[in-house]
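Below: one structure, written as structure tokens.
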Amino acid sequence: MSNELNLDGVGMTSQRTRDRLVRRLRDQGIRDERILDVINSTPRHAFIDEALAHRAYEDTALPIGFNQTISQPYMVARMTEVLFAGGPLNRVLEIGTGSGYQAAILAQLADKVFTVERISGLLEKAVSRFKLLGLRNIQYKHADGGMGWPERGPYDAIIVTASPRIIPDELIAQLAEGGRMIAPVGHGRNQQLTVTTNAMGELSSEVLEAVKFVPLLAGKA
Ligand code: SAH
């Protein structure tokens, strides 16, 4: 048997199981067919350890080591849909690369993706997956993403995939005119998926639903 990862998938990682996941996401209210297409063609099993690959197309978060998780597919789809609701996106910033799955989805929909991760062991694996899939429009950085990535901003969209207690001002400052940011804001069991928009310097926030993400932590690891 070869150790080569089978990107097409077999058995529990086959296209059939991906089709089933996409049907489920559609049933849960995801409407953007471009996003559903990208989820359908992206091998989520390549973003998790082989021992868990058979669960890759369940609609659930899964451990990726270092006490972190790859987000639930519904949450990836929902957050992506909210970001693209305002039209096409040129530059997108992600805080919390994790497995790289969310960045890989965004990279197939936006012109450029910038992603920041504080745990080097996770970032290295994510970058090897971007290469494996031939995704060339993702720039990455090993840093505390609570500060954003000011040198590359402003961004048309910012997605925070770990939970800050409050929305960091530094991130708001990197949002372009007309831009939108989505983040799970809060603490522990009390987190709200919140979308913040910047229209002519005027900020407005809307709470979408209760969610559960790992916390946004300070510093590098
Ligand atoms: N988007 C990821 C989800 C990963 S979970 C995926 O698709 O797999 C959240 C990630 O945020 C973890 O990898 C965690 O290490 C990272 N994180 C937490 N605080 C951070 C910070 N201040 N800066 C950058 N990354 C952070």
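Each residue in the stretch 62-79 was checked for being under 15 Å from I48 (Cβ atoms), open to solvent by less than 50 Å² (accessible area, probe 1.4 Å) and either of a type in the set (S, T, Y) or in contact with a Pro (Cβ under 6 Å, 6 or more places away or on another chain) (or both), and 1 pass.
Among the numbered conditions (1) open to solvent by 50 Å² or more (accessible area, probe 1.4 Å); (2) part of a loop (DSSP other than H, G, I, E, B); (3) in contact with a strand residue (DSSP E or B) (Cβ under 8 Å, 6 or more places away or on another chain); (4) within 11 Å of the ligand (Cβ to nearest atom), the only one that L217 does not meet is (3).
I'd like the full set of residues that are surrounded by fewer than 16 Cβ atoms within 10 Å (Cβ to Cβ) and over 28 Å from E124 (Cα atoms), limited to the stretch 198-214. Within the stretch 198-214, A199, M200, G201, E202, L203, S204, S205, E206, V207, L208, E209, A210 meet the criteria.
So that you can scan it fast, the table gives a plain yes or no per residue for (1) within 9 Å of the ligand (Cβ to nearest atom); (2) crowded, with 17+ Cβ neighbours inside 10 Å:
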{"position": "G96", "(1), (2)": "yes, yes"}
{"position": "Y101", "(1), (2)": "yes, yes"}
{"position": "I105", "(1), (2)": "yes, yes"}
{"position": "L109", "(1), (2)": "no, yes"}
{"position": "S120", "(1), (2)": "no, no"}
{"position": "I138", "(1), (2)": "no, yes"}
{"position": "R152", "(1), (2)": "no, no"}
{"position": "E170", "(1), (2)": "no, no"}
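Residues that are within 13 Å of the chain's Cα centre (by Cα) and more than 15 Å from L217 (Cα to Cα) number at least 2 in the following helices (runs of 4 or more DSSP H) confined to the stretch 62-174: 73-84, 101-107.
The values are calculated or read from the model by the stated rules, or taken from the named source; none is laboratory data. Keep in mind the model is a prediction, meaning the values are calculated, not measured. As a convention, Cβ positions derive from the backbone with ideal geometry for all residues, glycine included, and neighbour counts pool all protein chains shown. All accessible areas refer to the heavy atoms of the entire protein, side chains included, with ligands and DNA or RNA removed. Shrake-Rupley method; radii C 1.70, N 1.55, O 1.52, S 1.80 Å.
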